[in-house]
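> Structure in structure tokens, see below.
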Amino acid sequence: MATIIEQVLEGTATPAQQRTYISLPFDVPENVSRIAVRYSYSKQVGSDPQFTDGNTVDIGIFDARGAGFLSEGFRGWSGSARDSFFVGQDEATPGYMPGPIMPGTWWIALGLYKICDDGCHFMVTIALTVEDVAAPAVDFPSLLPLRSQSPARGPAPDGWYKGELHCHSEHSDGDSSVTEIIQLAQSLALDFLAITDHNNITQLAALNTEGTPLMLIPGYEVTNYNGHWNVWGGQGWIDFRIETAEQMEAAMQQARRHGFLVSCNHPRPFGPEWVFESVEAYDCIEVWNGPWPFLNSHCLSFWEQRLNQGKRFVAVGGSDNHFLKREHGAKLGYPTNYVYCAGDPSPAAILQAIRQGHNFITESPDGPQLYLQSGNAMMGDTVPSGTNTVTVRVLDGGGTQLELHSDRGIEQTCAVEADDCQFEISLKAGSRLYVRAQLVDPADEDRRVRALTNPIYFAQAD
């Protein structure tokens, strides 16, 4: 007969601890089959940055393998989206990893996101289910791998594929299952999908059981109080408990060593902003997150400043969709990434093409398409410094205005008067680092962007 052992951990956080993480140890004896946790804290407010008069405390759990920075003991995180969770051998709350419950010291991890002037009293109650005899040994679930083949899919005639790189499920703070997200992505005629839950990898276990013609890209969003970043395609879990620039650099370098493609996400006010601006160990910048009016001009400026310094970061977009079951401005596939993939497509091939910058972003799955070339070179490629012409093709963009940008500013504008237009553009004499194209709505007061490309770069003298 099972026995329930209850432990209570409580304390008070001070304003000086805001935006830091603490670990609370507790003992797990032999033969535990389930760990159930609930918590509460004083003056609770929502996690949205606009809510400031109160406390927001995030929660997760680490097992006996360790809770130190970059350690291997991570078992789950729910931020402030849940006030309770459980971890069992065969099942767990979404966002928490079922599997072996090894005896020893486990840790409750608390993220002290917002702490008001009065401080924050917290209480964590842990209930351990202890069996009379040891349960049979279990393994951790298998996670979605980065596949180099795609099920039931041949190459597209033109080599272009469209998809979503940033969305969330019930495994973090979304409201839908991975199955429901896949079904919607298929109805939008997307070709690839990455479900990037906050700090979690349990969605990858759920995705690994799905049968779909979609190219499923493994990934998640490393979410901390100093900036968010997506990782796609590698192996393992990357620590998000980052408090310093040195820790941010270390975590990003660890991600790169593990084979991840890394993206600096939505660097804009309330994004949150990218606090450690000197840390640039990412490959991509999410220049378009959700609808364009969601302060994405700040993300574009963040990217363009670095391009103008001679740095090369790939522009990507993502809806950051969380909700399928209620109305919200951030809808799946808004924006959409178009990626050129030569040969047979696969999740691995899609990520490799993004590494090369062979992609553009448009406002929706059926939004305007924008293609930039110079001879045989396409966006992401490098051409000789003396190259003086580029070709831009626009599909389904009638009524927009084409802008050609470089480190010299806006070099040329053209009215797009039909849904299929091609422009041969001669560049003015002089050196430049890159050119890129974007479509804007000329009738919009803020000149809303409707599509944008990655740059074509110009070779520079050593």
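The values are calculated or read from the model by the stated rules, or taken from the named source; none is laboratory data. The shown structure was predicted, so the numbers you read here are calculated from the model rather than taken from an experiment. Backbone-built Cβ (ideal geometry, glycine too); neighbour counts: all protein chains shown.
> Tell me, which strands (runs of 3 or more DSSP E) lie completely within the range 100-200 with 2 or more residues that are among the charged types (D, E, K, R), crowded, with 18+ Cβ neighbours inside 10 Å and in contact with a Phe, Trp or Tyr (Cβ under 9 Å, 6 or more places away or on another chain)? Show your work before the answer.
Working: elements: 104-114, 120-130, 160-164.
Counting at least 2 such residues, we get 160-164.
> Among the residues of the range 13-67, how many are assigned to a loop (DSSP other than H, G, I, E, B) and among the acidic types (Asp, Glu)? Please lay out each step first, then the result.
Step one: filter the range 13-67 for residues assigned to a loop (DSSP other than H, G, I, E, B), giving 14, 18-19, 29-31, 42-43, 45-54, 63-67.
Okay, now just the ones that are also among the acidic types (Asp, Glu), so 30, 48, 53, 63.
Result for the range 13-67: 4.
> Which ones in the range 424-452 are surrounded by 11 or more Cβ atoms within 10 Å (Cβ to Cβ) and closer than 20 Å to Ser385 by Cβ? Quick ask: steps written out before the conclusion?
Here is the first cut: in the range 424-452, the residues surrounded by 11 or more Cβ atoms within 10 Å (Cβ to Cβ) are 425, 427, 431-442, 444, 447-452.
Within the range 424-452, Ile425, Leu427, Ser431, Arg432, Leu433, Tyr434, Val435, Arg436, Ala437 qualify.
> Residues of the range 90-99 being buried (at least 18 other Cβ atoms within 10 Å of the Cβ) and at negative phi, which ones?
Ala92, Thr93, Pro94, Tyr96, Met97, Pro98
> Something else now. Is it the case that some residue within the range 216-229 is surrounded by fewer than 22 Cβ atoms within 10 Å (Cβ to Cβ) and either on the phi > 0 side of the Ramachandran plot or among the hydrophobic types (A, V, I, L, M, F, W, C) (or both)? Give the derivation first.
Within the range 216-229, the subset surrounded by fewer than 22 Cβ atoms within 10 Å (Cβ to Cβ) is 225-226.
Among the residues that remain, those that are also either on the phi > 0 side of the Ramachandran plot or among the hydrophobic types (A, V, I, L, M, F, W, C) (or both) are: none.
No: the range 216-229 contains no residue that is surrounded by fewer than 22 Cβ atoms within 10 Å (Cβ to Cβ) and either on the phi > 0 side of the Ramachandran plot or among the hydrophobic types (A, V, I, L, M, F, W, C) (or both).
> Here's another thing I want to ask about it. Need the failing condition index for Ser364 against (1) of a type in the set (Ser, Thr, Tyr); (2) closer than 30 Å to Glu180 by Cβ; (3) in contact (Cβ under 8 Å) with a residue 60 or more places away in the chain, just the number.
So the condition that Ser364 fails would be (3).
> Within the range 37-52, work out how many residues are under 12 Å from Ile108 (Cβ atoms) and buried (at least 16 other Cβ atoms within 10 Å of the Cβ). Step through it out loud before you land on a result.
Narrowing the range 37-52 to residues under 12 Å from Ile108 (Cβ atoms): 37-39.
Subsequent filtering for residues that are buried (at least 16 other Cβ atoms within 10 Å of the Cβ) retains 37, 39.
Final tally of qualifying residues: 2.
> Say we look at the range 53-74 and pick out the residues that are within 24 Å of the chain's Cα centre (by Cα) and over 15 Å from Gly111 (Cβ atoms); which of these is modelled with the highest pLDDT?
The extreme case among them is Gly73.
> So, one more: Name the single residue, out of those in the range 400-421 being small (Gly, Ala, Ser) and under 19 Å from Ser301 (Cα atoms), that is farthest from the chain's Cα centre (by Cα). Before the answer, list the steps.
Initially, the range 400-421 is screened for residues small (Gly, Ala, Ser), giving 406, 409, 415, 418.
Checking the rest, the ones that are also under 19 Å from Ser301 (Cα atoms) come to 406, 409.
On the way: Ser406: 27, Gly409: 30 Å.
The qualifying residue farthest from the chain's Cα centre (by Cα) is Gly409.
> Output the residue which, of all residues in the range 285-299 that are hydrophobic (A, V, I, L, M, F, W, C) and closer than 17 Å to Glu221 by Cβ, is surrounded by the fewest Cβ atoms within 10 Å (Cβ to Cβ). Lay out the reasoning, then the answer.
Filtering the range 285-299 for residues hydrophobic (A, V, I, L, M, F, W, C) gives 285, 287-288, 292, 294-295, 299.
Retained after the next criterion (residues that are closer than 17 Å to Glu221 by Cβ): 285, 287-288, 294, 299.
Values: Ile285: 26, Val287: 29, Trp288: 29, Phe294: 18, Cys299: 25.
My answer is Phe294.
> Could you tell me whether Leu112 is outside the structural domain of Val28 (by TED's automatic domain parsing), within 26 Å of the chain's Cα centre (by Cα), at pLDDT 95 or above and of a type outside the set (Val, Ile, Thr)?
Details: outside the structural domain of Val28 (by TED's automatic domain parsing): no; within 26 Å of the chain's Cα centre (by Cα): yes; at pLDDT 95 or above: yes; of a type outside the set (Val, Ile, Thr): yes.
Judged against the criteria, Leu112 is not a match.
> Still on this model: Hey, Val275 hits all of (1) surrounded by fewer than 17 Cβ atoms within 10 Å (Cβ to Cβ); (2) touching a strand residue (DSSP E or B) at 6+ places or on another chain (Cβ under 6 Å); (3) not in a loop (DSSP other than H, G, I, E, B) but one; which does it fall short on?
(3)
> If you don't mind, another one. So which residues in the range 386-403 are in contact with an Asp or Glu (Cβ under 7 Å, 6 or more places away or on another chain) and either on the phi > 0 side of the Ramachandran plot or surrounded by fewer than 20 Cβ atoms within 10 Å (Cβ to Cβ) (or both)?
Thr389, Thr391, Leu395, Asp396, Gly398
> Glu286 - would you say it is at pLDDT 95 or above, among the charged types (D, E, K, R) and in contact with a Ser or Thr (Cβ under 9 Å, 6 or more places away or on another chain)? It would help to see each step written out before you state the result.
Details: at pLDDT 95 or above: yes; among the charged types (D, E, K, R): yes; in contact with a Ser or Thr (Cβ under 9 Å, 6 or more places away or on another chain): yes.
It is true that Glu286 is at pLDDT 95 or above, among the charged types (D, E, K, R) and in contact with a Ser or Thr (Cβ under 9 Å, 6 or more places away or on another chain).
> For Tyr282, work out the one condition from (1) surrounded by fewer than 20 Cβ atoms within 10 Å (Cβ to Cβ); (2) out of contact with any Pro (no Cβ under 6 Å at 6 or more places or on another chain); (3) in a loop (DSSP other than H, G, I, E, B) it doesn't fulfil.
(1)
> In the range 201-215, which residue that is over 30 Å from Gly111 (Cα atoms) and of a type in the set (S, T, N, Q) is surrounded by the most Cβ atoms within 10 Å (Cβ to Cβ)?
Taking the range 201-215 as the starting set, the residues that turn out to be over 30 Å from Gly111 (Cα atoms) are 209-215.
Then drop every residue that is not of a type in the set (S, T, N, Q), which leaves 209, 212.
Numbers: Thr209: 11, Thr212: 16.
Across the range 201-215, the extreme among qualifying residues is Thr212.
> Considering only the range 243-257, how many residues are touching a strand residue (DSSP E or B) at 6+ places or on another chain (Cβ under 8 Å) and not in a helix (DSSP H, G or I)? Give the derivation first.
Restricting attention to the range 243-257, the residues satisfying the condition of being touching a strand residue (DSSP E or B) at 6+ places or on another chain (Cβ under 8 Å) are 243, 248, 251-252, 255-256.
Applying the additional criterion that residues be not in a helix (DSSP H, G or I) yields 243.
So the count comes out to 1.
> Under 7 Å by Cβ, and 6 or more places apart or on different chains, what pairs join a residue from the range 1-20 that is in the same structural domain as Ser47 (by TED's automatic domain parsing) and closer than 12 Å to Cys120 by Cβ with one that is surrounded by 12 or more Cβ atoms within 10 Å (Cβ to Cβ) and basic (Lys, Arg)?
Gln18/Lys114
> I need the full set of residues from the range 307-343 which are under 29 Å from Met378 (Cα atoms) and not in a loop (DSSP other than H, G, I, E, B), in order please.
Hits for the range 307-343 are Leu307, Val314, Ala315, Val316, Gly317, Gly318, Thr336, Asn337, Tyr338, Val339, Tyr340.
> Oh, and also: Looking at Gly357, is it assigned to a loop (DSSP other than H, G, I, E, B) and within 27 Å of Pro291 (Cβ to Cβ)? Reasoning before the result, please.
Details: assigned to a loop (DSSP other than H, G, I, E, B): yes; within 27 Å of Pro291 (Cβ to Cβ): yes.
When the stated conditions are applied, Gly357 passes them.
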